[in-house]
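Here the structure is laid out as structure tokens; the discussion comes afterwards.
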């Protein structure tokens, strides 16, 4: 892996991505890597003025903790069948990264903070992405979202209260939709804390993985409605 203080160029960025995604069984074309590198450079540029990610993060940490971690979600998505909603997208993790890697995947990004919304729209324009919307809204409050009945996968990396999040996602507790939480090593404790507040949801799948360089533990928690949604 590149040195912590080293500023990555495109070949080094590509090497990190390819090594990092090998265990995730995610294949990236040169064109895809090029899009992600443009995203990466724009993220660093904007982060000098806008609070997108920690300004203390090294290039290597950004690639591993944000880009590679986001790409792990692709193993659960099918571009021909899924429409992804990313709740609390922030700087686009994981939804915009997945969209940049799979341009034919329909994606909606939900992010209430307007400076981050501006950044997301900038990346969408810069990468010339279609079939993607940026919604300057919060999930809380029950406000109807555009196309909300078409979403098949609702994901968030920003969840701290799993039970509360599942309650907010009650509108998608139906056949054909699933809610995915991207969590760290404490996910078992968080599931226990959620308990009965999980409402009509049941845990259908847990996909564990490790980030490739730090070996940090991660898990994708997949919830489906108790009525047997597929």
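Evaluated against (1) crowded, with 24+ Cβ neighbours inside 10 Å; (2) closer than 27 Å to residue 166 by Cα, residue 102 falls short on exactly one condition, (1).
Right, residue 109: outside any loop (DSSP other than H, G, I, E, B), free of Cβ contacts under 8 Å to residues at least 60 places away in the same chain and surrounded by 21 or more Cβ atoms within 10 Å (Cβ to Cβ) or not? It is true that residue 109 is outside any loop (DSSP other than H, G, I, E, B), free of Cβ contacts under 8 Å to residues at least 60 places away in the same chain and surrounded by 21 or more Cβ atoms within 10 Å (Cβ to Cβ). Flag: residue 174 matches the condition of being assigned to a loop (DSSP other than H, G, I, E, B) and on the phi < 0 side of the Ramachandran plot.
Scanning region 152-170 for residues that are modelled with pLDDT of 95 or more and either more than 10 Å from residue 181 (Cα to Cα) or surrounded by fewer than 13 Cβ atoms within 10 Å (Cβ to Cβ) (or both) gives 152, 153. Only a single criterion out of (1) modelled with pLDDT of 90 or more; (2) loosely packed, with under 14 Cβ neighbours inside 10 Å; (3) in contact with a strand residue (DSSP E or B) (Cβ under 6 Å, 6 or more places away or on another chain) is not satisfied by residue 149, namely (3).
In this structure, does residue 117 turn out to be part of a loop (DSSP other than H, G, I, E, B), farther than 17 Å from residue 82 by Cα and touching a strand residue (DSSP E or B) at 6+ places or on another chain (Cβ under 8 Å)? The answer is no for residue 117.
Kindly evaluate residue 85 against the criterion of being assigned to a strand (DSSP E or B), on the phi < 0 side of the Ramachandran plot and in contact with a strand residue (DSSP E or B) (Cβ under 7 Å, 6 or more places away or on another chain). The answer is yes for residue 85.
Would you be able to tell me the number of residues in region 122-161 that are assigned to a helix (DSSP H, G or I), within 24 Å of residue 220 (Cβ to Cβ) and more than 16 Å from the chain's Cα centre (by Cα)? Count: 3. Picking from residues in region 88-106 that are part of a helix (DSSP H, G or I) and in contact with a strand residue (DSSP E or B) (Cβ under 7 Å, 6 or more places away or on another chain), the one that is nearest to residue 179 (Cα to Cα) is 95.
The values are calculated or read from the model by the stated rules, or taken from the named source; none is laboratory data. Computed from a predicted model, the values in this text were never measured in an experiment. Every residue, glycine as well, gets a Cβ built from its backbone with ideal geometry; the counts of neighbours run over all protein chains shown.
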